[in-house]
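To start, the structure under review is shown below, and the notes come after it.
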Amino acid sequence: MTFEHDTVVGMAAVVELVNSAEAPDTMVTLADLREFVARHDFVADRLDGTDLAQLRALRPRLRRLLTSPRDDAVEQVNAMLREAGALPQLVRHGGSDWHVHAVPTTRPLAERIAVEAAMAMTEVIRDDELSRLAECAADGCRGLVFDLSRNRSRRFCSAACGNRLAVAAYRARRSGTV
């Protein structure tokens, strides 16, 4: 399955944002927010504590969206788009070629990210590919994984989780407990 570039980029940002709520929380300061915005090429002239608070408050809603069954996800996507008065338009900014934005860049960042999530999930839902979204296989981790691998083999939200599990398994083998 090959998703459109907008979908891949949008889902990567949304999954990272949702995962930022896991311990340790990585969306705590304005510097964290600025780095996130820069990493995902969001247009944001000024960021303040309100943007940070709104984005932090959005994370549980996005987690529910990404972990919902297909029909429930559809209802949430439609609600997000309706609440924002989304009107998809082709735009070009920065180093990006033409892509779709459904709300103007003048709207609050949290609203734009919610709409970005809804737009990305639209394609995932239409292609019936929600199975590409899963919770991390590492014990105790609730991070999410958006698996774009051909054989659907990605199991961990980060290299750190995969490495932690591999080290634990190695130590168990070395101690003879396995």
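Each reported figure results from applying straightforward, stated rules to the coordinates on display, with no laboratory input. Here the structure is a predicted model, which is why all the values come from computation and not from measurement. We place every Cβ from the backbone using ideal geometry, glycine too, and count neighbours over all the protein chains shown.
Isolated cysteines in the chain, defined as those with no second cysteine Cβ under 4.7 Å, comprise Cys161. Toward the positive end of the charge dipole of the chain, with +1 on the Cβ of Lys and Arg and -1 on the Cβ of Asp and Glu, the farthest Cα among Gln89, Leu55, Cys136 is that of Cys136.
Potential lengthening of the chain between Leu130 and Val167 amounts to 10.3 nm, from the contour at 0.36 nm per residue minus the alpha-carbon distance. Under the simplified labelling scheme, the Val28-Ser96 pair shows an inter-label distance of 2.9 nm, with each label point 7 Å from Cα along Cα→Cβ.
When the Cα atoms of region 1-105 are aligned to their principal axes, the ranges along those axes come out at 34, 32, 29 Å in descending order. Between Ser153 and Asp45, the FRET efficiency estimated from the beta carbon spacing at R0 = 30 angstrom works out to 0.15.
At 1.306 mPa s and 10 °C, plugging the Kirkwood radius over alpha-carbon pairs of region 68-124 into Stokes-Einstein gives what diffusion coefficient in µm²/s?
On the way: Rh = 11.8 Å.
So the translational diffusion coefficient is about 134 µm²/s.
With Cα atoms as the point set, the chain shows a radius of gyration and Dmax of 17.5, 60 Å.
For the chain, which DSSP H helices look membrane-span-like by this rule: Cα extent along the axis of 20 Å or more and mean Kyte-Doolittle of at least 0.0?
Working: long enough: 5-19 (21 Å, 1.03); 49-67 (28 Å, -0.34); 70-84 (21 Å, -0.70); 109-126 (26 Å, 0.77); 159-175 (24 Å, -0.16).
Qualifying helices, which must be both long enough and hydrophobic enough, are 5-19, 109-126.
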